[in-house]
Amino acid sequence: MGTVGFLSNIRADEFEQYWQPFVNGDFSLEERMLQEISVYQGNGLTDRVLSLNEVSIKSNTARIISLEVTIEGRPHGVYRGDGLIVATPSGSTGYSLSCGGPIIDPVLDVFVLTPISSYQLSKRSLVVAADKQIEIRPRDGEQYYVAVDGQTCMNITEHGTVHIKKADRGLKLAVVKPRFFFETMVERLQRDQDE
C-alpha cells in the first residue's frame with residue numbers, strides 16, 4: 001500500500017489522542033469502492049482478486065505494449081506505451097496520479113484509466129462510471145504482467161485478458177476524526193512538496 005497517507009485521516013503524532021475513542025467505539029464507518037480483477041487465459045479463469053487502489057498492466061519487456069480496451073463490450077481504443085492503470089477513487093492519489101491521472105473524490109463510484117508513459121499524445125486519463133465492465137487485452141500477442149495494488153503480480157500469456165468491474169462489496173474504514181477529503185489532499189500534497 002501507499003506511503004503518502006490519503007487513507008489515514010489522523011497523523012502519526014495524533015495517534016494516542018484518537019486511540020481511546022476508537023477503542024470505545026467512538027468512530028464512524030466510511031466505505032471505499034473495491035474493484036474485482038479477473039484474469040482469463042487459454043484455459044479460462046485463472047485468477048480473481050480484489051483491489052482497493054489500482055491494477056496496472058505492463059509489458060514483460062522494455063518494449064512498448066499495445067493494449068486494446070473495451071468498455072461494456074464496445075471498443076474504446078488502443079493504448080500504446082509502457083502500460084495502463086485502472087484505478088479506483090482511493091487509488092487515484094497513488095500510481096495513477098504520478099502518471100498524470102486526476103484526483104477523484106473517494107465517495108464517487110468510478111474507474112480512472114491512466115496510460116503509463118503513453119506513446120500517443122491523444123491518449124489521456126479517462127474517468128468511467130463503475131457500473132461499466134472493462135476488458136483489456138494485448139494487441140500484439142505479447143506477454144505481459146498484471147500488478148494489483150503494487151503487490152500481487154500475475155504473468156499473462158499473449159491470449160490472456162483482464163476483466164475489471166466494481167466488486168460486490170466495499171472496504172469499510174473506521175473514521176475517528178472526520179475530515180474533508182480535499183483538506184487531507186492539500187495537506188498530503190503540500191507535505192510531499194516540502195520533502
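Quick notes on this one:
- Filter result (among the charged types (D, E, K, R) and either surrounded by 15 or more Cβ atoms within 10 Å (Cβ to Cβ) or in contact with a strand residue (DSSP E or B) (Cβ under 9 Å, 6 or more places away or on another chain) (or both)) within the stretch 100-142: Asp109, Lys123, Arg124, Asp131, Lys132, Glu135, Arg137, Arg139, Asp140, Glu142
- When residues of the stretch 22-62 are limited to those that are more than 30 Å from Glu142 (Cβ to Cβ) and within 16 Å of the chain's Cα centre (by Cα), the one surrounded by the most Cβ atoms within 10 Å (Cβ to Cβ): Met33
- Top-ranked residue of the stretch 52-63 - restricted to ones that are in a loop (DSSP other than H, G, I, E, B) and modelled with pLDDT under 90, ranked as nearest to Gln151 (Cα to Cα): Asn60
- Of all residues in the stretch 73-102 being outside any strand (DSSP E or B) and hydrophobic (A, V, I, L, M, F, W, C), the one that is farthest from Asp131 (Cα to Cα): Cys99
The rows are residues; the columns are (1) aliphatic (A, V, I, L, M); (2) without any contact (Cβ under 8 Å) to a residue 40 or more places away in the chain.
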| site | (1), (2) |
| --- | --- |
| Gly83 | no, no |
| Gly91 | no, no |
| Asp105 | no, no |
| Leu113 | yes, no |
| Ser125 | no, yes |
| Tyr144 | no, no |
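- Residue list for the stretch 89-141, restricted to those being farther than 13 Å from Ser56 by Cβ and among the hydroxyl-bearing types (Ser, Thr, Tyr): Ser90, Ser92, Thr93, Ser118, Tyr119, Ser122, Ser125
- The test for being touching a strand residue (DSSP E or B) at 6+ places or on another chain (Cβ under 6 Å), surrounded by fewer than 21 Cβ atoms within 10 Å (Cβ to Cβ) and part of a strand (DSSP E or B) holds for Tyr145.
Every residue, every condition in (1) polar (S, T, N, Q); (2) at pLDDT below 95, yes or no:
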residue	(1), (2)
Asp13	no, yes
Asn43	yes, yes
Leu50	no, no
Ser92	yes, yes
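- Test: Leu34 is modelled with pLDDT of 95 or more and closer than 22 Å to Ala129 by Cα: yes
The values are calculated or read from the model by the stated rules, or taken from the named source; none is laboratory data. These numbers come from a predicted model, not from an experiment. Positions of Cβ are backbone-derived with ideal geometry, glycine not excepted, and every protein chain shown enters the neighbour counts.
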